[in-house]
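The values are calculated or read from the model by the stated rules, or taken from the named source; none is laboratory data. Keep in mind it's a predicted model, so treat the numbers as computed, not measured. Cβ placement follows ideal geometry from the backbone for every residue including glycine, while neighbour counts extend to all protein chains displayed. For the accessible areas, the whole protein counts, side chains as well, though only heavy atoms, and no ligand, DNA or RNA atoms are used. Shrake-Rupley method; radii C 1.70, N 1.55, O 1.52, S 1.80 Å.
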Amino acid sequence: MPRTVLEEARLHPAIRERVATLNADIVYNVQAAASSNPVLVVGMAGNPYVRRARKALTGAGVAHHYLEFGSYFKGWRKRNALKMWTGWPTFPMVFVKGTLVGGGQEIEALVANGELKRTLGE
């Protein structure tokens, strides 16, 4: 079942531009990095799940690009834009060949079953 997203027609015209552009820079940065890097990890400082995901990738010999946005104490508003854009509720957010594959547990599973290397053509 697809995730419900508020239809644009249900936004008052006076706020449509603000909704469309709020923290758009962070979304644009992640979109650009996801399309130009085979593996992208988006995270935040101090998050053990981000460290674990990066460690799994490094341990598997998979190079990855990392973008960090704030910490538990700062940057949450900007990170919220990423959550709204992807629908993924937590960090890390891991992209493989431009596709969101999930977070730390999901990337560990893809590494363990060999799917990540197959997807990357290795």
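Assorted remarks:
- Cut-off under 5 Å, modelled amide H: who pairs with residue 101 long-range: 94, 95, 96
- Residue 115/residue 5 FRET efficiency (R0 30 Å; Cβ-Cβ; nearest 0.05): 0.60
- Within the listed set 87, 102, 43, the Gaussian network model of the chain (springs between alpha-carbon atoms below 10 Å) gives the highest mean-square fluctuation for 87.
- Qualifying aspartates and glutamates (Cα of each under 15 Å from Cα of residue 78; at least 8 residues distant if same chain): 25, 68
- Here's the picture: charge each Lys and Arg Cβ at +1 and each Asp and Glu Cβ at -1 in the stretch 56-122, and of 60, 112, 71 the one pushed furthest to the positive end of that dipole is 71.
- Kirkwood hydrodynamic radius of the chain, from inverse mean 1/r over distinct Cα pairs, in Å: 15.4 Å
- Tensor-based shape of the stretch 75-122 (alpha-carbon gyration tensor, a/c under 1.5 rounded, otherwise prolate or oblate): prolate
- Accessible area of the chain belonging to carbon and sulfur atoms, whole % at 1.4 Å probe: 56 percent
- Distance from the C-alpha centroid of the stretch 85-122 to that of the stretch 48-64: 11 Å, rounded to the whole angstrom.
- Placing +1 on each Lys and Arg Cβ and -1 on each Asp and Glu Cβ, with no other charges, gives the chain a dipole about its Cα centre of roughly 300 debye.
- Think of a 1.4 Å ball rolled over the protein heavy atoms: the chain then has 65 Å² of accessible area per residue.
- Calculated mean residue ellipticity at 222 nm for the chain: -14500 deg cm²/dmol, from DSSP H runs with n ≥ 4 weighted as -39500 (n - 2.57), summed, divided by the residue count and rounded to 500.
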